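Right, one structure below, let's go through it.
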């Protein structure tokens, strides 16, 4: 381990060469713009700009790509907050509170919160990535299909309360709708096409980005136009700055979000998305004013934003130590490695120290550049919402539909976006929440996949769950999450003092459910042991 | 012949040319184009092998349609091909367009809509034949023009480093004794699933199949102990093999690899399992193009396959230099499709 310091130094020397600085800067600027386009998240952004970097030498190219990666993440949060149109699945949650904040004239604070939380979590989690990556890499290996399935169940359990004040039945209905949509397309497990009606376009399923663009951007514009007379915000630029109180309010959520993001983000698959959902749920549960969530709470932006940036770093743990991509974007980056003639794998850190450490040091640099660029820009971007709506709405629609097209270079995405715009409008009118639908759509296919894999592993026998302690623990947590509100109520009704109920179990459960953060730390502690 | 003549004259100028075609050096590029055109028509008239008479050349920029997302094997192939075409024909512009979706179905459907337009090529592999066998697609491979096969990719069976299985017969033997062996597959209709199916047919055994989305997930599950064995392309797992995390047990091809570290891996046939099934990598053009257009592309691709950039592409991706010109490629694809129908249909 004594080589770590030398390696870090080597990394910074590599990343801070003038040429690489420039490429990193170019990457973050390009990435921010791509990320701001709805529908274009970091995976697509990196993929789109990959050809641009092919003429550079490998280290400069990878540094630029990493810059694009981080830039996209920051950019995706901007469109999430300003026009409720997330660039990728990991920033969906940011819109839950970011957009209401923007609507009430606090766009500047919401954007600044996202930048600060992202920066803090993004830079601090590089330290465990650099020093402890080999130790953490074992964690991902402990998560096979049964554990992943249990984690999805936990995710689903946490989302039931996401209705934003509306009824739980409506939330559940929307989650079920999302799961139903997720079954369209070629089933990877069997290769059979389901609900495609002979349409080639449907073979690929209904991608969640088209749905998100429809439900959020298109439906929002329709709803505002339908309501009529909506006024643009009138906040002055100087009222869009963060106050000291705002900063204090987001410090806890940022720390918690960072921890959750790093731990969950290491898991391959939906790491960053799940992490942001968990972080949001935790903030909602630990908050003294949970009723503010969904209506514009800064912690509701800080937690998920810290989580998704920490997760972006964590995704590099399996990528660099095992050669296994930790996320969609790192999968594309691994592809880039191969294009450059580099062989990712367990030996990568040892065989290519300059490259690996230079890359990690450039993460630092990228985050720093993004903070310097985006923090002053936050109030400026926030002021965009002062544009007259007769100009702003067509612009939002245009940008959203370009994003829908750009996802896969085909009109199909645009039609999908428009169709879900109509669906979203109807949902909006009758108070059906969109968030559970999105999560159902994202988690539905993952749940199905991991359940089938678990069943295949056991030859159709699901009792193998009982041999997997981590999975059982996660199931128990999910159960607690679902029952907690009832248990708390029951305990309160039975005796006024909430301490020491005869059976130890329920009281403990209720206590741990109140603080989601504790759940995560017990989780990680048990895995270490 | 025509190709060899041009092949000799062009590479010397091509390096400087590629830099100068970008903008200001229009004059030399133009001059070369004229010279090239003159050379083409001149040779076409004098050689008997020219076939259908009139030579053809692209009139517009050429698009390579990659039916998968950037970064994957087909994308790498498409970009290497684009570079190769630009080297072989310095005067034409080639752009790469990713049209991912539907396990490749979207990209091929796009090419289907470009019927008779010779300005579109697709880097094709097994999915181009297998997908219509398993799924209801509006096209089959015979709707396109197979230009040339340029390489083949091979499946390796790998096990974790501490696995009890040392050779292929250990695995098959365990299955025959009624044991359970879990095999990780990427998709239900991919090359690995096909090879597994053929092995089951050959040996009369049954694996426990666990299907994942990608090679990366499979490697994760293999090292994590969730599956016992996996069937992967060398490029997907070479890093883990070199690090000693996984051991290759068999290669499903007619012959072994020539270079270390894979040269020590015996073929399945050597181990008494009669399965050899590889993934082709080849170029398709749109359907209904003329013979002259088809010949132009065949010649261009052939030229690329004689260049250093081609060898580098193969080496970087652990591909084998198996080339089949148009006629042989078509015969091969027919047999390939029949075999796939036997396993997947």
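Evaluated at q = 0.11, 0.12, 0.20 Å⁻¹, the base-10 log of the normalised Debye intensity for the stretch A:1-136, with identical point scatterers placed on the Cα atoms, takes the values -0.46, -0.54, -1.13. When the label point is put 7 Å from the Cα of residue B:271 along its Cα-to-beta-carbon vector, which residues of the stretch B:139-165 have a backbone N closer than 17 Å? Residues B:154-165 fall inside that zone. Peptides B:253-266, A:436-449 ordered by packing proxy, namely the average of other Cβ atoms within 10 Å per residue, highest first: A:436-449, B:253-266.
Convex hull volume of the C-alpha atoms in the stretch B:299-345, normalised per residue: 87 Å³.
Size of the stretch A:439-489 from its Cα atoms: along the principal axes, largest to smallest, the extents are 42, 28, 15 Å. Cα-based radius of gyration for chain A, normalised by 2.2 N^0.38 Å, reads 0.94. When both the stretch A:175-231 and the stretch A:436-490 are represented by their alpha-carbon centers, they are found 24 Å apart. Averaged over residues, the count of other Cβ atoms within 10 Å places the peptides A:122-129, B:127-134 in the sequence B:127-134, A:122-129, highest first.
When you look at the Cβ of every residue in B:128-139, what mean number of other chain Cβ atoms sits within 10 Å? Before the final figure, lay out each step's value.
Numbers: counts 0, 0, 1, 3, 0, 1, 5, 7, 7, 4, 3, 1.
Other-chain Cβ atoms within 10 Å of each residue's Cβ, averaged: 3.
With both labels modelled 7 Å from their Cα along Cα-to-Cβ, the residue B:170 to residue B:242 distance reads 2.5 nm.
Computed log10 I(q)/I(0) for the stretch A:262-359 at 0.23, 0.24 Å⁻¹: -1.05, -1.10, from the Debye equation with unit scatterers placed on every C-alpha and solvent omitted. Per residue of A:188-197, other chain Cβ atoms within 10 Å of the residue Cβ number 5 on average. The listed peptides B:323-335, A:215-227, ordered by packing as a protection proxy, come out as A:215-227, B:323-335 (highest mean of other Cβ atoms within 10 Å first). Compared with the direct C-alpha span, the chain from residue A:398 to residue A:383 gains 3.5 nm at full extension, assuming 0.36 nm per residue.
Decide, for the stretch B:120-161, between rounded, prolate and oblate: order the square roots of the alpha carbon gyration tensor eigenvalues as a ≥ b ≥ c, take rounded if a/c falls under 1.5, and otherwise choose prolate if a/b is larger than b/c, else oblate. Could you put the intermediate results ahead of the total?
Details: a/c = 3.86, a/b = 1.65, b/c = 2.34.
Note, shape of the stretch B:120-161 comes out oblate.
Using the alpha-carbon positions of the stretch A:7-46, Rg (one decimal) and Dmax (whole number) come out as 13.1, 38 Å.
Calculate, in nm to one decimal, what residue A:391 and residue A:419 gain on full extension: separation in residues at 0.36 nm each, minus their alpha carbon distance. Kindly include the intermediate steps, with their values, before the conclusion.
Values: separation 28, 0.36 × 28 = 10.08 nm, distance 2.30 nm.
Residue separation times 0.36 nm, minus the Cα-Cα distance, leaves 7.8 nm.
Note on the protein assembly as shown: antiparallel DSSP beta bridges, both residues inside, total approximately 60 percent of the bridges counted.
Take peptide A:458-469, look around each residue's Cβ out to 10 angstrom, count Cβ atoms belonging to other protein chains, and average those counts. Each step should come with its number before you reach the end.
Numbers: counts 4, 3, 1, 0, 0, 0, 0, 0, 0, 0, 1, 0.
Rounded to a whole number, the mean comes out at 1.
Using the Cβ-Cβ distance between residue A:466 and residue B:59 with R0 set to 60 Å, the FRET efficiency from 1/(1 + (r/R0)^6) comes to roughly 0.35. The modelled label-to-label distance between residue A:197 and residue B:306, using points 7 Å beyond Cα along the C-beta direction, is 5.4 nm.
Per the helix-only calculation at 222 nm, which mean residue ellipticity applies to the protein assembly as shown, given -39500 (n - 2.57) for every DSSP H run of n ≥ 4 and division by its residues, nearest 500 deg cm²/dmol?
About -19500 deg cm²/dmol.
The alpha carbons of the stretch B:156-271 stretch over 34, 30, 27 Å along the principal axes, in descending order.
Specify, per residue and in Å³, the volume enclosed by the convex hull of the alpha carbon atoms belonging to the stretch A:335-452. All intermediate terms of the calculation are to be shown ahead of the outcome.
Working: hull volume 25.7 nm³, N = 118.
For the stretch A:335-452, the hull spanned by Cα atoms encloses 218 Å³ per residue.
Values of log10 I(q)/I(0) for the stretch B:245-345 across q = 0.10, 0.11 Å⁻¹ run -0.40, -0.48, by the Debye formula with one identical scatterer at each alpha carbon and no solvent.
Shape of the stretch A:69-225 from its Cα gyration tensor (a ≥ b ≥ c, root eigenvalues): rounded if a/c is under 1.5, otherwise prolate when a/b > b/c, or oblate?
Working: a/c = 1.71, a/b = 1.06, b/c = 1.61.
In terms of gyration-tensor shape, oblate.
At a threshold of 8 angstrom on Cα-Cα distance, excluding pairs fewer than six apart, so keeping six or more, what relative contact order does chain A reach in percent?
Dividing the mean separation by the residue count of chain A yields 26 percent.
Take the Cα of residue A:176, step 7 Å toward its Cβ, do the same at residue A:225, and the gap between the two points is 3.3 nm.
Since every read-out is calculated from the coordinates, none of them should be taken as a lab result. Keep in mind that this is a model prediction, so the values were computed, not measured. Heads up, the Cβs are rebuilt from the backbone with ideal geometry, glycines too, and the neighbour counts pull from every protein chain shown.
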